[in-house]
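The values are calculated or read from the model by the stated rules, or taken from the named source; none is laboratory data. Keep in mind the model is a prediction, meaning the values are calculated, not measured. Please note: Cβ atoms are built from the backbone with ideal geometry, for glycine as well, and neighbour counts cover all protein chains shown. Note: accessible area is taken over every heavy atom of the protein model, side chains too, but ligands, DNA and RNA are not part of it. Shrake-Rupley method; radii C 1.70, N 1.55, O 1.52, S 1.80 Å.
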Amino acid sequence: MKSTSKQAASVPLAPIMIAVFCSVFISNLNTSTVNLAVPTLMKVFHSEMAIIQWALTGYMMAIGIGSPLAGFLISRFGTKKVYAATLIGFSFASLLCSLAWNPLFLIAARVFQGGCAGLMLPVTLTLLYRTVERKQQPMAVSLWEAAGWLGPALGPAVSGLCLQFLSWRWLFLLNLPLLLLSVFLVLRYVPASPGDSSMRLDKLSAVLSSTGSFTVLFAFSRASAWGLLDSKTLLLLAAGILLLILFVRRQLGASTPLLEFRVFRNRTYAISVLLLGLINAALFAAVYFVPYFLQTAKGVPAASTGLVMLPSSVVMVLLLPLVGKLYSRLGPMKLASAGISLMVLGTWMLSRMTVDTANAEVILWTVTRNIGIAFSSMPLMNAGLSGLSDNLIGYATSMTSWFRQCMGSLSIAIFTAFYTWRTVIYSSDGTATVNSSEAVVYGVQQVFMLVAILLVCMLPLVLTFRKSGKTS
C-alpha cells in the first residue's frame, strides 16, 4: 500500500473527515428516524402499520441491495465520482420523501434513498483506507464508526423532537444541509481517482444479488404476519437462499466479480465481518424495541422516548476517539472482549425491564450497551480490513457493508417475528391480549434475552484475534 501512503501525505484530512462523518451520520440516521414516526404516518396517510413499516424495511433492504454494487462502481468510475453521485442522489431522495403525498410514494422514495445509502457506506470506508496514512487509520475508522453508530442511536431523539415540535416532513428535510456541505467538500478536496473504463457490469450477477437479497429479507419481514414456519415464508426463504447460492458460485468463477468472496480466505477478516454483523443486529434490536417498549408499555411520549435514548449515543461518540488511541496499545482482542462483555451485561438487564422500571435505569443499561459497542466495533473493523491489500479494500468494504446491513434488516424482521410469536403464546391463555402492556413487556424481555445469548456465543470468536497483534 505504498502508493496509498504517498497519496495520503498530500491529501487534507480535516475536510475529508468532515464530509465522511456528515454523510455517514445522515445515511445511518435515516435507519431509525422513521421508527418513532410510524404511528404518525399511519394517521397522516390513513394507512395500516403493515404498509407503513415498509418505509423502514424498504430502506434497509435497499441498503443491502445497493452495497454489492459499490466495489464494481468504485473500480469502474473511481471513488470521487461515485461518492459525489451518491451524495447528490441521497439529497434528491430526501427531498422526495419530504414531499410524499401517499405511503407508496414515500416507500418508493425511501427505497431510492436506501440504495444511495448502500453505496455511501463502503465508498466512504474505501476512501479512508486509500487516502489516510496507515498510522492514522485507527482514528479515522473510529470517527467513521462514531458517525455510523451515532446515526441510529440519535435517530429516536431527532425523530421525537421533529414529530412533537415540527412535522414528519422535517425528518427528511434536516438531511439536506449536511449532505450539501458534504457534496461541496468532496468536489473540492477529495482527489480524483482513475476508473477502469474497460470493466463491464455482470448484469446476471446484479440480478441474482438483488433478487436473492430482497426475497430473503421480504420473507423475514412477512414472517411476523404469516408465521415463521408458514409455507409461504419457507418457500420464499428457500428461493432467496438458492438465488444467493447461485450468485456466490458465479462470483467465485468471475474475473471481475460484483462481490469478491475470496476476501473470506483471510480468516481474520472473515471472523471480523461475522462479529460486526452480529453487533449490528444487537444494536438494531435496542434501537427498535426500547422505544417501542417505552411508548407502548409505559406510555412515554415520543419526544421523551428520544431523550431517553440520547445519552447512550452521546457516550458512544465521546468514547470512539479514545478507542482509536487505545487500539495501538491494547489490540483488537482485549478491546472487543471487554466491549462484548459490556453488551451482554446491558442486554441482559434490559431483558428484565417491566412497566415499573424507571427511565433512568433504561438509560443506564442502554449506555452500558453502547459503551460495549464503542469498544468492540472499531477494533474488529480495523483488524479485519487493515491486513488486506489495497486492490481488495473496495471489495472488502462493500462486502462488510452488505453483510452488516443485511444483518440489520434481518434482525428487525427476525426479532419482530420472534416477538410476535412469544406475545401470541403469552396471551393464548386469555388472561391478556397480544397488545396489552403485559404481553408487550413479556415479548420485549424475550427478545433481549435472545440477543444476550447470541452475544455470549460471540465471545469465543473474539479470542481468535489474540494472534493479530496490537497493530494488526
Self-check item: Overall Cα dimensions of the stretch 309-417, principal axis frame, Å, largest first
Solution: 54, 37, 21
Quiz item: Counting only protein heavy atoms and using a 1.4 Å probe, what share of the accessible area of the stretch 165-288 belongs to carbon plus sulfur, as a whole percent?
Solution: 68
Practice problem: Considering Cα pairs under 8 angstrom that are at least six residues apart, work out the relative contact order of the chain and quote it in whole percent. | Solution: 23
Quiz item: Of K232/K298; K81/K203; K43/K298, which pairs sit farther than 25 Å apart, going by alpha carbon to alpha carbon?
Solution: K232/K298
Exercise. Enter the per residue convex hull volume of the stretch 84-242, computed from alpha-carbon coordinates, in Å³ rounded to the nearest integer.
Key: 181
Self-check item: Rounded percent of accessible protein surface that carbon and sulfur make up, the stretch 65-148, 1.4 Å probe
Solution: 76
Quiz prompt | Lys/Arg +1, Asp/Glu -1 at C-beta; the chain dipole; positive extreme among L179, L36, V216 | solution = L179
Self-check item: the stretch 269-352: radius of gyration and largest Cα-Cα distance (Dmax), Å
Solution: 15.2, 46
Exercise. On each of the three principal axes of the Cα atoms of the chain, give max minus min coordinate, whole Å, ordered largest first.
Key: 68, 47, 45
Practice problem: List the chymotrypsin sites (Phe, Trp or Tyr not before Pro) within the stretch 200-287 that fall in a DSSP loop (any state other than H, G, I, E or B) and whose Cβ has at most 11 other Cβ atoms within 10 Å. | Solution: none
Quiz item: Quick one: helix 79-98 against the long Cα principal axis of the chain, what's the angle to the nearest 10°, folded into 0 to 90?
Solution: 30
Exercise. Please work out the C-alpha center-to-center distance from the stretch 231-251 to the stretch 88-116 and express it in whole Å.
Key: 28
Quiz item: Measuring with a 1.4 Å probe in the full set of protein chains, what accessible area per residue, in whole Å², belongs to the chain?
Solution: 39
